[in-house]
1. Just going by the charge dipole of chain B, with Lys and Arg at +1 and Asp and Glu at -1 on Cβ, which of B:Pro9, B:Ile92, B:Gln222 is farthest out on the positive end?
2. For the pair B:Ile254 and B:Met101, what calculated FRET efficiency results from E = 1/(1 + (r/R0)^6), where r is the Cβ-Cβ distance and R0 = 22 Å, to the nearest 0.05?
3. Using θ = phi - 60° and the Karplus relation 6.51 cos²θ - 1.76 cosθ + 1.60, list the HN-Hα couplings for segment A:192-205 in order, rounded to whole Hz, with x at every Gly or Pro.
4. Which value in deg cm²/dmol, rounded to the nearest 500, describes the helix-derived mean residue ellipticity at 222 nm for chain B, given -39,500 (n - 2.57) per DSSP H run of n ≥ 4 and division by the residue count?
5. What does a probe at A:Val167 reach in segment A:289-327, counting residues whose amide N is under 18 Å from the point 7 Å along Cα→Cβ?
6. Treating the beta-carbon of each Lys and Arg as +1 and of each Asp and Glu as -1, no other charges, what is the dipole magnitude of the protein assembly as shown about its Cα centre, to the nearest 20 debye?
7. Any chance you could get the radius of gyration and Dmax over the Cα atoms of chain A, in Å?
8. Taking the Cβ-Cβ separation of A:Val308 and A:Ser140 as r and a Förster radius of 35 Å, what is the calculated FRET efficiency to the nearest 0.05?
Amino acid sequence: MSMRGDKKPTLYVYNWGDYIDEDVIDRFEKEYDVRVVYDTFSTNEDMYVKVTSGGSKYDVLFPSDYMIKRMIDEDLLEKIDLDNVPNAKYIDPRFKDLDHDPNNEYSVPYMWGTLGILYNKKMVSEPVDSWDILWDPKYSKQILMVDSQRDAVGIALQKLGYSLNSVDRNELEAAKQELIKQKDLVLAYVVDEAKDKMIAEEAALAVVWSGDAVFAMRENPNLDYAVPKNGGNLWFDGMVIPKTTQNKELAEAFINFMNEPAIALANAEYTGYSTPHMEARKMLPQELANNKAAYPADEDIANTEVFVHVGEMLREYDRIWTEVKAY
Amino acid sequence: MKTKWAASPYLVWMVIFIVVPILLVCYYSLTVPAETGREFSLANFHRFLEPVYMKVLFRSVKLAVIATAICFVVGYPLAYILARSNFQYKNILVMLLVVPMWMNFLLRTYAWLTILERNGILNALLTWLGLPRVNILYTESAVVLGMVYNFLPFMVLPIFSVLSKIDHSIIEAAEDLGANSLTVFRRIIFPLSLPGVISGITMVFMPAVTTFVISRLLGGGQFTLIGNLIEQQFLYVGDWGFGSAISLVMMILIMLSMAVMSRFAGEERGLGLW
């Protein structure tokens with residue numbers, strides 16, 4: 001395959017944008033004498049569509065909880081042979097046996113975190129503790145909304161007091177109306193750009209994942225992060241091996257490599273996301289280990305919900321988000 | 001007729017990359033997923049008729065028309081000056097117009113983000129001049145600006161090429177017969193430049209009405225255009241049927257507008273860029 005004519009094995013990795021310390025990839029290439037083709041996506045949904053529409057040959061993916069479940073249900077994933085991933089022993093038992101992969105057969109946890117609101121303390125005076133602030137006309141055109149359908153629809157559902165996994169048509173319709181109402185106040189719908197815009201103080205409030213918040217708060221001390229008291233989302237991203245893999249052993253070697261303490265530490269430090277890796281957690285620098293956004297106290301995330309795959313109702317979510325964006 | 005075989009590589013190319021994809025688009029647009037495979041249905045087209053999608057169609061056409069009009073108003077005088085002046089550096093001016101097009105379209109559009117931001121270059125400049133700041137990023141105006149910026153050369157170049165080819169003796173004849181410069185422009189130059197104008201309008205309107213990058217970057221995902229809707233269906237939602245139906249509607253729309261345009265252009269077409 002290679003233009004240079006070498007016969008190095010190639011590993012195809014598909015990960016979220018800005019979700020790894022890129023030096024780690026170089027180190028893996030050198031240590032294993034392989035080539036890594038590294039692509040990125042910005043939401044679970046685009047990853048799923050790309051992987052299932054054919055033509056891709058990824059070996060390792062990084063989906064979230066509900067998407068792992070969906071891919072298991074649709075028989076898209078290989079079982080991981082944990083004998084080839086001895087470093088999985090470092091994973092905190094709290095992150096094992098989760099609902100989306102009860103026997104840890106298909107995924108090895110990579111990071112976890114929350115969905116919440118990143119805000120600028122200079123621009124927002126009142127306490128940020130509820131999704132309601134994203135509908136406050138005072139912040140018209142200063143709100144960056146997350147351009148990801150489960151997250152956006154989930155926020156509207158929780159704001160209305162429903163579960164973010166609702167499969168009730170009336171509740172979903174109400175959520176759609178709520179999102180349409182919000183549209184006039186929104187400055188832009190973004191995913192990866194949100195943290196840069198917040199660092200540059202282009203907006204007052206942004207819906208982001210916790211690691212992006214940690215990253216942004218490091219760059220701009222005026223920023224702070226809050227998970228709404230009446231809800232919020234707790235998520236777990238894992239590494240999985242899709243059936244498209246042509247080199248399962250290498251994929252397992254990569255997953256094992258990612259769980260070497262030094263590597264897991266590098267990734268946790270770079271991304272700002274919360275690591276489920278016990279050794280890496282111990283070695284974290286104080287400022288990150290004590291960061292409430294990255295490692296919240298249990299009571300701060302007591303009311304959060306984890307996304308669950310909604311099955312057939314997913315079409316309803318698709319339709320709602322399409323219509324909100326089109327409105 | 002004997003040289004027809006020379007066209008065969010192109011024919012093969014066309015069948016593989018144009019005819020087959022269009023047939024696939026037709027197939028997906030006219031079917032919906034069923035128990036096994038797909039079954040015939042008009043549901044995708046029916047869905048497109050819902051008010052929310054009509055609104056997207058209307059918005060796309062509206063923004064494209066505005067952008068085309070601005071390109072014409074700005075582009076015609078520019079092309080005229082370039083073509084009629086005897087300025088010795090004329091070719092350099094034409095080249096300056098073309099050079100930005102050598103750069104990647106996406107990069108040029110990203111550059112506008114930095115310029116238009118709240119704390120961006122434009123506002124820094126306005127503050128320095130003591131003028132009030134403006135917030136135009138993530139508005140419809142920003143989308144139109146992006147379209148005009150990116151597509152202006154497509155308006156200027158065909159008009160410029162037609163104007164440059166006008167036989168000067170016709171203009172001299174008109175002047176000899178007593179026409180003043182306004183009459184010369186109105187009765188001679190403008191009618192003769194029409195094929196260039198038509199071709200310019202088509203070449204600006206078509207990419208403007210189908211763009212999805214400009215509206216996403218400069219509109220902040222708020223002003224969904226037809227192109228964004230199609231992209232969303234294929235890349236994020238995975239509803240190929242609905243995406244294909246919208247694409248088909250778009251293709252028909254473009255072909256209709258081209259048919260209308262070529263009627264205007266009449267026999268004289270061919271002087272433009274195509």
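1. Final value for the positive-end residue is B:Ile92.
2. On the way: r = 22 Å, r/R0 = 0.99.
My answer for the efficiency is 0.50.
3. 5, 6, 4, 5, 5, 5, 6, 4, 7, 6, 7, 8, 8, 9
4. -21500 deg cm²/dmol
5. A:306-320
6. It works out to roughly 2740 debye.
7. When restricted to the Cα atoms of chain A, Rg and Dmax are 19.7, 61 Å.
8. Plugging the Cβ-Cβ distance into 1/(1 + (r/R0)^6) gives 0.55.
Since every read-out is calculated from the coordinates, none of them should be taken as a lab result. These numbers were taken from a predicted model, which means no experiment stands behind them. Cβ: placed from backbone, ideal geometry, glycine included. Neighbour counts: every protein chain shown.
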